[in-house]
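Shown next, in C-alpha cells, is the structure this report addresses.
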C-alpha cells in the first residue's frame, strides 16, 4: 500500500493529506494543518511566503513519520505569483490577490492595449480585478525595476515546488488563470505579453499535470492540477453530462467540463471563464464570491483580523448595528447557519460585486449593499440570511446563463469541497435552481490532487477509473 501526499493550500489554511488505495477505494488521513496568513508589507497585503514554505516542509516531515511517501503534490489558489532573479532569489513580494493595487488596471489595458472583448476571445478568462494580467500591469507601473531584474515568473505553487526541489517547472492549469495564455493553443500568448510590455523571457515552457518536478528528501514531487479548482473538478463523481459542478469553498466555482474553450461574445458578456484542466480539459465556470463572505463575517463577529496590521474600526462600527450581537461569543459556522434559518427576511445583494472582495468590514459592506436594494439587516440572523439567499440566487442565475450559452438543460448539481457540508445553503440552492443537489466529497481538492499522483503512480489506468473509486 503506497502513501501519496496531497498538500492543499487555501487562502486561510493548508492541509497535508495522505491518500492510499485500499480495496479499490481512496482513503484519506490528514496529518498536518497550518494557518496561511497575510501581512502588510511595503504598502500591500502580501502572503507570508517564507512562513508558507516552512509550513509545507514541516507537514512533509510529519507525513514521512507515517511511512515512506510515494510522491508529493501541491495545489493552491490561482493568479498570485513571485518573480525570481537570475540567481533564483526573490525579486518581488508575494502580493495577495485581494490587494487594491490593481484598481483601474483593466480600464488602462483596455484603453492602451486592447479591448476586453478581444482579450477574452484570445484567453477566455473572465474579468476579475485580481487577474494576474492586472497584477503584472500594476507591478510594471509601481516597480518596473523588479520586472527588469526578473528571470522567472512563478505562480505560488510553482514557487513552493522550486523551494522543495530547486527546479523551476511551470504548470498549465495554474498558469491558465493568468489571462496570459492562448486558450485554444494551451500556451503563452507571447504576442499579448509583448503588447503589455512584459518581458517574454520570464514565461517558461508549460507542463501538464502528471509531470515530475524533481525530488525532496528522496521523494518524487509531481504536478497535480496545481490550481485548486482544477483538482477539485477532477474529484466530482458526476452521474452524467447534465450535471453542473460546484466547488464550494472560499470561492464558489460553478460550471462544467468542456473539450474546447467557449470564447463567444455571449460567454464574454456573461463573464464565464475557461480555465485549463488536467489532460487538456477546460473548466468552463463562473467565479462567485462564495463562502469568503461568511468566513469574513465570522472573523469579524469573533474579533479576528484577516490581515495582520489592519485596524478594526470599521468592524466595530458595523457590529454596533446588529442588535443581537453577543460580544465574546465564539460563533461557529454551524451557529451562523442555524441563526439564519427561519428568518423572515428576503433582501439579497449581488455577491459578485467587487465591494465584497476585500472590504474594511464585510458586515458593514453587506449592510450597506442591502440598504440599496431593500431592508438592511439589523440582526446577525438577518445578516446571514441575506448572504445565504444571495449566494443561492447567484448560483441559480449562473446556471441559467450556463444553459443559455451551452444549449444544454442541466438536471443536477454536484457540490464538492468544504462548503458541501452546509446543509442550509445546499437546501436553498436546490430551491433556487429547482435541481437535484448531490454533495461530496468534502475533500474534493485533495482527492483531485491525489488522483493525478495515483494515475502517475500506476494505481489507476485513467481518470474514469479514478472517479469510479471516488464513487465507491
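Collect the residues in segment 343-358 that are more than 27 Å from the chain's Cα centre (by Cα) and farther than 12 Å from residue 388 by Cα, keeping them in residue-number order.
344
Of the conditions (1) within 29 Å of residue 233 (Cβ to Cβ); (2) in contact (Cβ under 8 Å) with a residue 24 or more places away in the chain, residue 379 clears all except one; give me its number.
The failed condition is (1).
When the residues of segment 99-113 are filtered to those that are more than 14 Å from residue 141 (Cα to Cα) and touching a helix residue (DSSP H, G or I) at 6+ places or on another chain (Cβ under 9 Å), which remaining residue is modelled with the lowest pLDDT?
Checking each candidate, the answer is 99.
When you scan segment 324-364, how many residues do you find that are part of a helix (DSSP H, G or I), more than 18 Å from residue 424 (Cβ to Cβ), in contact (Cβ under 8 Å) with a residue 24 or more places away in the chain and in contact with a helix residue (DSSP H, G or I) (Cβ under 7 Å, 6 or more places away or on another chain)?
Of the residues in segment 324-364, 4 are part of a helix (DSSP H, G or I), more than 18 Å from residue 424 (Cβ to Cβ), in contact (Cβ under 8 Å) with a residue 24 or more places away in the chain and in contact with a helix residue (DSSP H, G or I) (Cβ under 7 Å, 6 or more places away or on another chain).
Tell me, please, whether a residue that is surrounded by 20 or more Cβ atoms within 10 Å (Cβ to Cβ) and closer than 30 Å to residue 109 by Cα can be found in segment 212-222.
So far as segment 212-222 goes, no, none of its residues is surrounded by 20 or more Cβ atoms within 10 Å (Cβ to Cβ) and closer than 30 Å to residue 109 by Cα.
Tell me, yes or no, whether segment 420-432 has at least one residue that is over 23 Å from residue 338 (Cα atoms) and surrounded by fewer than 19 Cβ atoms within 10 Å (Cβ to Cβ).
For segment 420-432, residues over 23 Å from residue 338 (Cα atoms) and surrounded by fewer than 19 Cβ atoms within 10 Å (Cβ to Cβ): absent.
Determine if segment 114-135 includes at least one residue that is in contact with a strand residue (DSSP E or B) (Cβ under 9 Å, 6 or more places away or on another chain), at pLDDT 95 or above, more than 25 Å from residue 398 (Cβ to Cβ) and outside any helix (DSSP H, G or I).
No: zero hits.
I'm trying to understand the selection: among the residues of segment 202-239, which are out of contact with any strand residue (DSSP E or B) (no Cβ under 6 Å at 6 or more places or on another chain), touching a residue at least 24 places away in the same chain (Cβ under 8 Å) and over 29 Å from residue 188 (Cα atoms)?
Within segment 202-239, 217, 237, 239 qualify.
Kindly indicate whether residue 220 is in contact with a helix residue (DSSP H, G or I) (Cβ under 9 Å, 6 or more places away or on another chain), assigned by TED's automatic domain parsing to the domain that holds residue 82 and either part of a strand (DSSP E or B) or at pLDDT 95 or above (or both).
Against the criterion (in contact with a helix residue (DSSP H, G or I) (Cβ under 9 Å, 6 or more places away or on another chain), assigned by TED's automatic domain parsing to the domain that holds residue 82 and either part of a strand (DSSP E or B) or at pLDDT 95 or above (or both)), residue 220 qualifies.
Answer yes if at least one residue in segment 142-149 is touching a helix residue (DSSP H, G or I) at 6+ places or on another chain (Cβ under 7 Å), at pLDDT 95 or above and not in a helix (DSSP H, G or I), and no otherwise.
No, there is no match, as no residue in segment 142-149 is touching a helix residue (DSSP H, G or I) at 6+ places or on another chain (Cβ under 7 Å), at pLDDT 95 or above and not in a helix (DSSP H, G or I).
Name the pairs: first residue in segment 402-416 and farther than 22 Å from residue 262 by Cα, second residue part of a strand (DSSP E or B), Cβ to Cβ under 6 Å, at least 6 apart or on different chains?
415/246; 415/248; 415/439; 416/247
Residue 399 - would you say it is under 30 Å from residue 46 (Cβ atoms), buried (at least 16 other Cβ atoms within 10 Å of the Cβ) and within 23 Å of the chain's Cα centre (by Cα)?
So residue 399 fails the test.
Would you check if there is a residue in segment 162-172 being assigned to a helix (DSSP H, G or I), in contact (Cβ under 8 Å) with a residue 24 or more places away in the chain, out of contact with any strand residue (DSSP E or B) (no Cβ under 8 Å at 6 or more places or on another chain) and over 15 Å from residue 209 (Cα atoms)?
Yes, because at least one residue in segment 162-172 is assigned to a helix (DSSP H, G or I), in contact (Cβ under 8 Å) with a residue 24 or more places away in the chain, out of contact with any strand residue (DSSP E or B) (no Cβ under 8 Å at 6 or more places or on another chain) and over 15 Å from residue 209 (Cα atoms).
Among the residues of segment 119-161, write down those that are over 21 Å from the mean Cα position of the chain (by Cα) and under 28 Å from residue 279 (Cβ atoms).
119, 121, 122, 152
The values are calculated or read from the model by the stated rules, or taken from the named source; none is laboratory data. Predicted model, so just to flag it, every value in this text is computed and none were measured. Reconstructed Cβ throughout: ideal geometry from the backbone, glycine too, with neighbour counts over all protein chains shown.
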